[in-house]
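This report concerns only the one structure given below.
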Amino acid sequence: FIRRVGWDARLVNESYPWVEKQIVHQPKLAPWQDAFKDSLLDVGVSPYNGFTYDHVYGTKVGGTIFDRFGRRHTAAELLASANPKMLSVLVYATVQKVLFDKSAGKRPKAMGVMFKDENGNQHQAFLTNNRRSEVILSCGAIGTPQLLMLSGIGPKAELQRLNISMVLHNEFVGKGMADNPMNSVFVPMTRSVEQSLIQTVGITKMGVYIEASSGFGQSQDSIHCHHGLLSAEIGQLSTVPPKQRTRQAIEEFIKRKRDLPREAFKGGFILEKIAMPLSTGHLNLINTNIDNNPSVTFNYFGHPRDLRRCVNGIRMAAKVIQSDRFTNFTKCDKPTVEKLLNMSVKANINLIPKHTNDTKSLEQFCKDTVITIWHYHGGCHVGKVVDPNHKVLGTRRLRIVDGSTFSESPGTNPQGTVLMMGRYMGVKILRRRLGKAAGV
């Protein structure tokens, strides 16, 4: 990945540890994750690479942002390494658009941003006259293309449709949107197990990552709670067409979860995620209100190779569940694949209409049970929207530093690389501006 995006490998390998030392920890492996690790090795996802941040084929234990006391650490803590005299952070500011100087005959120049505060009052913040001052957008794969278009940079027809004053025509803004499709297979248990987020992962050579989570039945009320990857309340409406993502749809989603069989909240799920999907989509504005989400189409399984990889991933997930190591842990009889898939369809809580042959066809199972794992990327690709230094093409003093520039989602989880990217790009910018005086 680093070679493909053309980054300086030496600086990359200095930037990862800079992040890791501050907010990343080695997890205490939960019993479920330990059994899952042994099962992956049993079905041939080898070698065992132990605890490592490296992305290598086989089975490994990865880093976590939860420390040994269960406290979650975030990117905000990296600000502790900053010089507070050189930094102002507005925590309730929401940027509305980038402001440009559109002098005739010159490339549009970013001058600053318009933002609103927590009371809804509008403000403007302007760059200094220093020609090296710049606006950096880090709004993510969905927020950045949305903000660019609302600021007047994007496909001409899209901007004209909403009467947005055009600053620069670029047909590629919002194009090439991708997400890693995830499907899960339910693991039956005779007792409730300790809750664990993803700690162990199988990195296969067939373009599929196998992961696991457990412990959604901690109490009688657990069925009414948020359930991480499977929660309607935090974003699993991605499988519903945008115009149907109404409050009523969310309430129906939550009601369906309450009606799930209690067994769905014992045990856990084996997840398979497609790496580097070939299916891509697009992002479009619904209106000119920055507070309203745009419409995003990811075209899950639009490319037949993605669907074939999902089928292979589901087969492998089933083998893991049927392995002796895992059945010794779950204390359940070795279930048939059809039984596993039937339970999984019932436990799956997206709003895609189910089919009578959900479990007869693995292809249909993949299509009907797909959910997001929030690894969105694309929309502002290098060479199409930004140059190799991530400056927005056709403009001055405007740069993008986030996953919207990625053509693939790196690693089993892109979070580490996105955090590293912030440090990496910051150091490069400082070195270019200040040379040795940058001190980094």
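Read-outs throughout are calculated quantities, based only on the coordinates presented, and are distinct from any laboratory measurement. Nothing here was measured: the structure is a model prediction, and the numbers come from that model. Don't worry about glycine lacking a Cβ; one is built from the backbone with ideal geometry, like all the others, and counts go over all protein chains shown.
Here are the numbers:
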quantity	calculated
Difference of contour (0.36 nm per residue) and Cα-Cα distance, Lys106 to Asp324	71.6 nm
Helix 415-434 axis, angle to the chain major axis (alpha carbon atoms, nearest 10°)	20 degrees
Net dipole in debye of the chain [+1 Lys, Arg Cβ; -1 Asp, Glu Cβ; about Cα centre; nearest 20]	1320 debye
Angle between the chain longest axis and helix 337-347 axis [Cα atoms, degrees, rounded to 10]	50 degrees
Antiparallel bridges, percent of DSSP beta bridges restricted to the chain (to nearest 5)	85 percent
Inter-site label distance for Arg191 and Arg4 at 7 Å from Cα along Cβ, in nm	4.5 nm
Base-10 log of normalised Debye intensity for segment 1-90 (one unit scatterer per alpha-carbon) at q = 0.22 Å⁻¹	-1.15
FRET E, pair Gln248, Ile352, Förster distance 22 Å, beta-carbon r, rounded to 0.05	0.85
Rel. contact order, % - alpha carbon contacts under 8 angstrom, at least six apart, the chain	21 percent
Rounded FRET efficiency, nearest 0.05, which uses the C-beta distance separating Arg131 from Arg161 and R0 of 35 Å	0.50
Sequence-distant aspartates and glutamates (8 or more away, or on other chains) whose Cα lies within less than 12 Å of Lys28	Asp67
Across Lys97/Lys428; Lys102/Lys175; Lys21/Lys384; Lys175/Lys339; Lys60/Lys85, pairs whose alpha-carbon gap is larger than 31 Å	Lys21/Lys384; Lys175/Lys339; Lys60/Lys85
222 nm mean residue ellipticity, helices alone, for the chain (DSSP H n ≥ 4; -39,500 (n - 2.57); rounded to 500)	-8500 deg cm²/dmol
